[in-house]
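One structure is given below, encoded as structure tokens.
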Amino acid sequence: MRDLRDFHTAMRLGVLVMFVGLLSACGNTTDEGQAATETYLIKFPHVTAPGTPKGRTAQRFKELTEARFPGRVAVEIYPSSQLMNDDDSLEALAFGEIQMIAVSLSKFDRLTQAFQIFDLPFLFPDLVTVEEFQASPAGQDLLNVITDKGFQGLAFWHNGMKQFSGPNPLRMPEDARGLKFRIMESDVLQAQVQAIGGNPQKMALGEVYQALQTGAIDAQENTWSNIYSSKFYEVQPYVMETNHGYIGYLVAVNPTFWQSLPDDIRSGVQEAVAEATAWGNAQAEAINQQARGHVEESGRSEIIELTDDELTSWRTAMAPVWEQFEANIGAERIEAASSL
Ligand code: LMR
């Protein structure tokens with residue numbers, strides 16, 4: 001199935017290269033008068049609920065953009081995997097069927113190894129440190145690493161730090177042995193779960209609740225806002241407050257679409273993205289803490305806080321993952337991020 005999909009994607013991307021060439025040629029013939037009356041639609045599907053950091057920031061972006069260009073630019077947001085899952089949205093964006101995405105950095109793994117740094121366990125202690133790295137020259141370079149593959153990065157949006165949830169209290173890495181963990185489409189996350197003796201299963205977010213409910217998987221890792229809004233706390237008796245990794249997004253547009261926009265719209269949309277980014281990233285942590293509070297109040301799931309010694313054991317068990325991916329990511333980049 002996977003191979004077929006990859007083949008299908010490769011074929012589509014092959015066609016895309018020809019299609020992009022044609023479109024670019026057409027774009028050059030657009031005259032100014034036509035551009036001033038043209039209307040533009042930005043279709044923006046994503047997988048999380050409207051109340052999550054991504055859901056709220058996308059909505060803010062829509063409001064800012066439409067207020068700036070009334071009647072000229074419309075932004076259609078499709079939350080909660082309503083239109084498609086993330087894997088399909090990567091393909092749809094590259095193919096120009098949708099215009100904007102905010103997909104978890106972990107899920108670009110088949111397109112670039114450059115984002116693997118964001119998945120290294122216990123590299124970033126909190127969102128402030130991630131933001132510092134993303135704002136640095138090394139971080140800003142990452143916005144452009146997959147432009148040639150059909151993704152122009154405009155910004156990074158935060159979700160939050162990840163927690164494990166499971167059928168038992170996972171106080172020590174040994175407690176995870178033999179459990180089936182849902183992970184995002186990332187080889188680093190696969191290695192991370194293998195490092196603690198778990199069995200990693202790559203799966204789309206929209207399928208996780210049912211997989212937990214039916215026992216197809218035993219455990220998962222996600223942010224408080226996703227654990228709450230996707231209702232994982234209803235079917236996972238324990239959530240371990242590990243903060244062992246980061247979930248954030250690359251906000252990207254199709255480069256051909258982007259270049260085809262009139263200059264005033266392109267710069268106005270870019271400004272709306274920047275404004276929404278600052279607004280959303282500033283409240284991501286609070287949204288996650290609020291979600292943590294809701295999980296706690298629900299009484300459906302017990303929150304396990306780990307001691308410093310227990311956290312050190314997780315850190316030690318997962319440390320080999322850094323070495324495993326050092327050649328892909330670059331020792332200097334890891335050093336730059338870990339010294340922040
Ligand atoms: C996941 O699949 O768990 C996350 O990527 C969801 C998200 O977009 O926050």
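The set of residues in segment 197-219 that are away from the ligand (no atom under 12 Å from the Cβ), in a loop (DSSP other than H, G, I, E, B) and in contact (Cβ under 8 Å) with a residue 24 or more places away in the chain comprises Gly197, Ala216, Ile217, Asp218.
If the condition is being within 15 Å of the ligand (Cβ to nearest atom), among the acidic types (Asp, Glu) and either surrounded by fewer than 24 Cβ atoms within 10 Å (Cβ to Cβ) or part of a strand (DSSP E or B) (or both), then segment 93-119 contributes only Asp109. Within the span defined as segment 36-45, every residue fails to be buried (at least 21 other Cβ atoms within 10 Å of the Cβ) and in a helix (DSSP H, G or I). Only residues that are in a loop (DSSP other than H, G, I, E, B), among the β-branched types (Val, Ile, Thr) and buried (at least 18 other Cβ atoms within 10 Å of the Cβ) were counted across segment 120-151, and they come to 1. Of the helices (runs of 4 or more DSSP H) that lie entirely inside segment 285-340, those containing 3 or more residues that are at pLDDT below 95 span 331-338.
Within segment 167-182, can you find the residues that are surrounded by fewer than 23 Cβ atoms within 10 Å (Cβ to Cβ) and out of contact with any Ser or Thr (no Cβ under 7 Å at 6 or more places or on another chain)? Reasoning before the result, please.
Within segment 167-182, the subset surrounded by fewer than 23 Cβ atoms within 10 Å (Cβ to Cβ) is 167-169, 171-175, 177-180.
Residues satisfying the conditions are Pro167, Asn168, Pro169, Arg171, Glu174, Asp175, Arg177, Gly178, Leu179, Lys180.
Answer yes or no as to whether Pro137 is at pLDDT 95 or above and of a type outside the set (D, E, K, R). Against the criterion (at pLDDT 95 or above and of a type outside the set (D, E, K, R)), Pro137 does not qualify.
Within segment 63-84, if we keep just the residues that are closer than 25 Å to Gln134 by Cβ and within 14 Å of the ligand (Cβ to nearest atom), the residue that is surrounded by the fewest Cβ atoms within 10 Å (Cβ to Cβ) turns out to be Ile77. Confirm whether Leu83 is more than 22 Å from Asn144 (Cβ to Cβ) and either in a loop (DSSP other than H, G, I, E, B) or free of Cβ contacts under 8 Å to residues at least 24 places away in the same chain (or both). When the stated conditions are applied, Leu83 passes them.
What are the residues in segment 45-61 that are hydrophobic (A, V, I, L, M, F, W, C) and either within 8 Å of the ligand (Cβ to nearest atom) or free of Cβ contacts under 8 Å to residues at least 12 places away in the same chain (or both), if any? Within segment 45-61, Val47 is the sole residue that qualifies. Would you confirm whether any residue within segment 279-290 is within 30 Å of Met172 (Cα to Cα), touching a Pro at 6+ places or on another chain (Cβ under 9 Å) and small (Gly, Ala, Ser)? There is at least one residue in segment 279-290 that is within 30 Å of Met172 (Cα to Cα), touching a Pro at 6+ places or on another chain (Cβ under 9 Å) and small (Gly, Ala, Ser). Just give me the residues in segment 220-249 being more than 10 Å from the ligand (Cβ to nearest atom), crowded, with 24+ Cβ neighbours inside 10 Å and assigned to a strand (DSSP E or B), in sequence order. Within segment 220-249, Val239, Met240, Tyr246 meet the criteria.
In the set (1) more than 16 Å from the ligand (Cβ to nearest atom); (2) of a type in the set (D, E, K, R); (3) touching a residue at least 40 places away in the same chain (Cβ under 8 Å), Asp187 fails one condition alone, (1).
The values are calculated or read from the model by the stated rules, or taken from the named source; none is laboratory data. Computed from a prediction, not measured in an experiment: that's the story for all the values here. Cβ coordinates were reconstructed from backbone atoms using ideal geometry, including for glycine residues, and neighbour counts include every protein chain displayed.
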